[in-house]
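Here is the structure we will look at, set down as structure tokens.
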Amino acid sequence: MKDVLIIGGGVICTFIAYELSKTHANIVLLEKERQLGQVQTKHNSALIHSPVMVPPSKGVLKARFAKEGNEMYQSLVETLHIPHLKNGAYVLALDEDDMNELNDMLKEAKQRKIPAHFVSIDVVKQTEKYVSNQVIGALALPTAMTADTTVLCQTLAQKTKEHGAKVLTNRCVCDIHVADDGFTVYTKDGSMIKTKQIINAAGIHADDIAAMVETRVPYQIKPQKGEYMVLPASHQGMIKHTLFPVPKQNTKGILAIPQPDGTIRLGPTNTPQKSKNEALVTSAGMAKIKTSLNQMIHHLPYDQVVQTYAGLRSSLDDDDFFIERSKEYPNFIHVAGIDSPGVTAAPAIAKHVINMLLNQNTAIKKTR
Ligand SMILES: Cc1cc2nc3c(=O)[nH]c(=O)nc-3n(C[C@H](O)[C@H](O)[C@H](O)COP(=O)(O)OP(=O)(O)OC[C@H]3O[C@@H](n4cnc5c(N)ncnc54)[C@H](O)[C@@H]3O)c2cc1C
């Protein structure tokens, strides 16, 4: 009998498993794919966002965990040896309305004690030669960075295993039975594991997993597709900072995002879609990326794009993350609706979930 079984092997689950493996708990993580972190955690911008981009109006938990997570990553990427690029971000203003928005963002940043400052167009142009003539100034966000999310998940899993816990891939959970002393979890390969507690962080499929246990699932995942194109590492240095437009309504906009390996990701779009099983790149998506970026940046070599891809955000109707115990079965914890900024928030979400477990379960004790 396991103390805790974690469903999913993205950045959220691997951080939770890593933190939990520092306790006395007997744990196992189950991931349906052959490798960890290959679904939402890979098909994204790989940005550790400045919390300025995640105001409390977008969700109280999102804002809190983005701030805590961003602070934790500043040293974590070095102690865990994760390839990263501490390059900061610029939010670019194209007109006076944008400048007013940046002013409001700066005020909020000061209130929340988040590093941010204005930079003139002359300063922007010293490093960003290709910004368009429409750009009139920028808000600098020095704590934004990018990190290799695949290496991150693999490293966390490796450390989890070194602490004696099990991390199993190719294990697709297909059914869960409720028992008096916990749950029995069945996987497609025919195995069965008994556990006292379950953490459900199955990303886009969190509601499908929840439906195996709950009479009424308290949320529904509504996938939002984000498409990208990628410039090769031969263009490393063409763009130094992550370049954002001023965020509008529900999205952070379409960005240029330099990566630790020298490539530059361009995107993402944001379109609702029904299917959870495909994330297709479309010509409309590619056109949207070009039109948006051309306002901010000149001479992007679209003819040299080496890769395109799309990811599905595991979004809910409610803007915020859903991190709660099941009301029906309190030993089942939902960590759902973890769309952006889930990578940024992951280490802080993990600490929060561990505290939920430590406060409730006498079998789980802190060791380190
Ligand atoms: C387009 C896009 C851009 C984004 N950009 C950023 C960004 O720049 N910065 C940021 O902080 N966040 C960003 N995000 C959000 C971030 O990627 C997610 O919040 C984060 O990856 C969520 O991690 P997760 O572990 O919950 O989900 P996932 O990475 O999807 O992991 C869930 C795992 O569960 C597994 N699973 C599902 N069903 C089962 C089953 N039945 N049995 C076993 N395993 C199962 C899946 O295979 C998967 O590996 C972006 C997301 C998208 C889509």
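The values are calculated or read from the model by the stated rules, or taken from the named source; none is laboratory data. Note that the structure is predicted; figures quoted are calculated from it, not measured. Every residue, glycine as well, gets a Cβ built from its backbone with ideal geometry; the counts of neighbours run over all protein chains shown. Note: areas computed on protein heavy atoms with side chains; ligands, DNA, RNA excluded. Shrake-Rupley method; radii C 1.70, N 1.55, O 1.52, S 1.80 Å.
Annotations for the structure displayed:
- Using the alpha-carbon positions of the range 93-168, Rg (one decimal) and Dmax (whole number) come out as 19.6, 57 Å.
- A 1.4 Å probe, protein heavy atoms only, puts the accessible area of LYS107 near 130 Å².
- Taking all protein chains as shown and a probe of 1.4 angstrom, CYS174 keeps an accessible surface of around 60 Å².
- The chain: relative contact order as a whole-number percent, Cα under 8 Å and 6+ apart: 27 percent
- DSSP beta bridges in the chain [antiparallel fraction, %, rounded to 5]: 70 percent
- Sulfur and carbon atoms: percent of accessible area, the range 229-345 [1.4 Å]: 50 percent
- About the centre of its Cα atoms, the range 1-127 shows a dipole size close to 520 debye [charges on the beta carbon of Lys, Arg (+1) and Asp, Glu (-1) only; nearest 20 debye].
- With all protein chains in place and ligands, DNA and RNA left out, the 1.4 Å accessible area ranks GLU19, GLU227, GLU68 as GLU68, GLU19, GLU227, largest first.
- Computed over protein heavy atoms with a 1.4 angstrom probe, the accessible surface ordering of LEU85, LEU300, largest first, is LEU85, LEU300.
- In order along the range 248-258, phi translates into HN-Hα couplings of 10, 6, 8, 10, 8, x, 9, 10, 10, 10, x Hz, rounded to whole numbers, per the Karplus curve 6.51 cos²θ - 1.76 cosθ + 1.60 with θ = phi - 60° and x for Gly and Pro.
- Take the chain with all the other protein chains still there, run a 1.4 Å probe, and you get 44 Å² of accessible area per residue.
- Along its first, second and third principal axes, ordered by size, the chain spans 67, 41, 37 Å in Cα coordinates.
- Too-long pairs where the Cα-Cα distance tops 26 Å, listed order kept, from LYS62/LYS129; LYS110/LYS225; LYS42/LYS125; LYS58/LYS125; LYS86/LYS351; LYS194/LYS327: LYS62/LYS129; LYS110/LYS225; LYS42/LYS125; LYS58/LYS125
- Measuring max minus min along each principal axis, the C-alpha atoms of the range 235-292 give extents of 37, 25, 19 Å (largest first).
- Between the helical axis of 60-79 and the longest alpha-carbon principal axis of the chain there is an angle of about 90 degrees.
- Treating each Cα of the range 219-325 as one equal point scatterer and applying the Debye formula with no solvent, the log10 of I(q)/I(0) at q = 0.11, 0.22 Å⁻¹ comes out as -0.38, -1.20.
- Shape analysis of the range 17-63 yields a ratio of the Cα radius of gyration to the Kirkwood radius, Rg/Rh, of 1.10.
- Separation of alpha-carbon centers, the range 136-192 and the range 215-282, rounded to whole Å: 21 Å
- Between the amide H of LEU29 and those of ILE6, LYS166, VAL167, LEU168, distances stay under 5 Å, these residues lying 5 or more places away or on another chain, with hydrogens modeled in the peptide plane.
- Dipole magnitude (debye, nearest 20) for the chain, charges at Cβ of Lys, Arg, Asp, Glu: 740 debye
- Convex hull volume per residue for the range 1-160, taking Cα atoms only, in Å³: 139 Å³
- Rg/Rg_globular for the range 158-292, with Rg_globular taken as 2.2 N^0.38 Å and Rg from C-alpha atoms: 1.44
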